[in-house]
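Since the structure comes first, as structure tokens, the remarks are kept for the end.
The values are calculated or read from the model by the stated rules, or taken from the named source; none is laboratory data. Keep in mind that this is a model prediction, so the values were computed, not measured. Here Cβ is always computed from backbone atoms with ideal geometry, including for glycine, and neighbour counts include all displayed protein chains.
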Amino acid sequence: MQIYADRLPAAARQFATDLIVVAWVYLWVRTALWLHEQVGRLAGPGRTLQDAGAGLADNLADVGGRVGRVPLVGDELTSPFTQAADAARSVAQAGREQQDLVADLAVALAVTVLVFPVGLVLFGWLPLRVRWIRRASAAVALRDLSAGQDLLALRALAGRPLRAITAIDPDVAARWREGDPQVTAALAALELRSLGLRAPR
């Protein structure tokens with residue numbers, strides 16, 4: 001598999017582009033994590049509310065249990081403490097719900113921030129990179145074969161600019177059909193150069 005071109009300028013451009021893409025993804029991932037952390041801090045009041053409500057409910061329930069042991073009037077005295085403990089538990093539940101809401105919001109915002117930049121990489125840069133790797137790998141496999149040079153020459157005739165093709169020979173197509181080895185090698189080299197690869201040995 002040919003990951004990079006073997007001609008220095010093209011290889012340097014590819015390597016620099018790959019580094020930029022990696023840095024781009026890293027930057028946006030770090031941004032999303034930072035945003036997640038900042039939004040997550042909004043859950044602090046919810047945690048405080050939950051802890052306070054739960055602690056108050058436990059204390060009220062404990063006091064109610066003790067008051068309930070008072071002879072004759074214990075059951076009547078317990079009722080207000082039980083109701084207050086239930087209200088405190090509702091406060092604690094509200095704190096938990098606020099934390100859950102903040103956690104969901106933090107994840108949603110982080111994902112939203114990542115969608116566009118990562119989408120550019122996955123659907124823009126990556127398909128082009130994979131396409132070049134497949135084309136270059138196939139060209140390298142054909143490069144040192146005589147039949148392969150014919151295929152590369154044909155690809156050059158079909159896909160390279162007319163000015164570049166006719167610069168090899170004004171009657172390049174006829175000479176290629178005649179099997180001229182010099183024209184075939186020159187066309188193959190032209191196709192390989194377009195991919196940043198060395199000419200056949």
What are the pairs, 6+ residues apart or on separate chains, where a residue within segment 43-68 that is in the same structural domain as residue 97 (by TED's automatic domain parsing) and modelled with pLDDT under 75 has its Cβ under 6 Å from a residue that is aromatic (Phe, Trp, Tyr) and surrounded by 13 or more Cβ atoms within 10 Å (Cβ to Cβ)? 63/81; 64/81
Single match in 39, 25 (criterion: assigned to a helix (DSSP H, G or I), within 20 Å of the chain's Cα centre (by Cα) and surrounded by 13 or more Cβ atoms within 10 Å (Cβ to Cβ)): 25
When (1) within 30 Å of the chain's Cα centre (by Cα); (2) surrounded by fewer than 12 Cβ atoms within 10 Å (Cβ to Cβ) are applied to residue 174, the one that fails is (1)
Would you call residue 102 touching a helix residue (DSSP H, G or I) at 6+ places or on another chain (Cβ under 7 Å) and modelled with pLDDT of 85 or more? yes
Out of 106, 87, 136, 94, sole residue that is aliphatic (A, V, I, L, M), touching a residue at least 60 places away in the same chain (Cβ under 8 Å) and within 30 Å of residue 41 (Cα to Cα): 106
Within segment 125-160, residues being at pLDDT 90 or above and not in a helix (DSSP H, G or I) number 1
Being under 37 Å from the mean Cα position of the chain (by Cα), surrounded by 15 or more Cβ atoms within 10 Å (Cβ to Cβ) and either free of Cβ contacts under 8 Å to residues at least 40 places away in the same chain or within 30 Å of residue 23 (Cβ to Cβ) (or both) is the filter here; which residues of segment 152-166 pass it? 155, 156, 160
Residue 193 out of contact with any Gly (no Cβ under 8 Å at 6 or more places or on another chain), crowded, with 16+ Cβ neighbours inside 10 Å and modelled with pLDDT of 90 or more: yes
